[in-house]
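Written below as C-alpha cells is the structure these notes are about.
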Amino acid sequence: MKSILHQSLDRTGTDSVKWDGLDRWFRLKDDVLPLWVADIDIRTAPSISEALAARAATGEFGYTLFSRDAQAAVSSWYERRHKLKVDANHVLFSNGVVPGLTHIVRGVDGRRGRDRHPIARLSAVP
C-alpha cells in the first residue's frame, strides 16, 4: 500500500477554497496552479480520521480547552525530536498560522502592553 503522501487526492468539487474557489473567490481560471502552504493535497492519516470519528461519536461539540495532555505531547515531541526542553505550560493553541503569528507579534511588541497577551506573560516567566 502506498504511503498517504503518495496517494492521489482530487479535491475539486468538494467546495475547496484552494481548488473550487479559484474562480468564485479569486476570479482566476483553471489554468492557475494554487501553491498554498497550509492547504495540502494529501489524505489525512488514518489515526487522525479515527480520532475525529471517535470524538464525533460522543455527540459533544461544545468549545473545549487545549488539553494538558496535548500540551505535554507537544513538549515531549520537542524534547525527543530536537533535544529542546519546552515547558508544557508554554505550549499554546492557535487556530491557524496567521492568527498564531499575529499573537506572537502582539506578544513581543512593547507598544501594545505586555500584560495583555498570554505569550508576553509566558515569555516573562523565568
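The values are calculated or read from the model by the stated rules, or taken from the named source; none is laboratory data. Please read all numbers here as calculations on a predicted model, not as lab measurements. Using ideal geometry, Cβ is built from the backbone for each residue, glycine included, and neighbour counts are taken over all protein chains shown. The protein model used for the area step is the full one, side chains on, heavy atoms only, and it has no ligands, DNA or RNA in it. Shrake-Rupley method; radii C 1.70, N 1.55, O 1.52, S 1.80 Å.
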*So which residues in the stretch 8-56 are open to solvent by 80 Å² or more (accessible area, probe 1.4 Å), of a type outside the set (G, A, S) and over 27 Å from P99 (Cα atoms), if there are any at all?*
D10, K29, D30, D31, E50
_Suppose we filter the stretch 32-49 for residues that are among the hydrophobic types (A, V, I, L, M, F, W, C) and modelled with pLDDT of 85 or more; how many remain?_
3
*Considering every residue within the stretch 50-61, establish whether at least one is assigned to a loop (DSSP other than H, G, I, E, B) and at pLDDT below 90.*
yes
*Specify which of the listed residues (V74, V97, V91) is in contact (Cβ under 8 Å) with a residue 40 or more places away in the chain, under 16 Å from the mean Cα position of the chain (by Cα) and closer than 28 Å to W36 by Cβ.*
V97
*asked:* Would you confirm whether or not the stretch 69-77 contains a residue that is in contact with a helix residue (DSSP H, G or I) (Cβ under 6 Å, 6 or more places away or on another chain), hydrophobic (A, V, I, L, M, F, W, C), farther than 20 Å from G96 by Cβ and in a helix (DSSP H, G or I)?
replied: yes
*Would you check if there is a residue in the stretch 104-111 being assigned to a helix (DSSP H, G or I), under 24 Å from D39 (Cβ atoms) and open to solvent by less than 50 Å² (accessible area, probe 1.4 Å)?*
no
*Could you please let me know if K29 is modelled with pLDDT under 85 and either in a loop (DSSP other than H, G, I, E, B) or within 25 Å of H90 (Cβ to Cβ) (or both)?*
yes
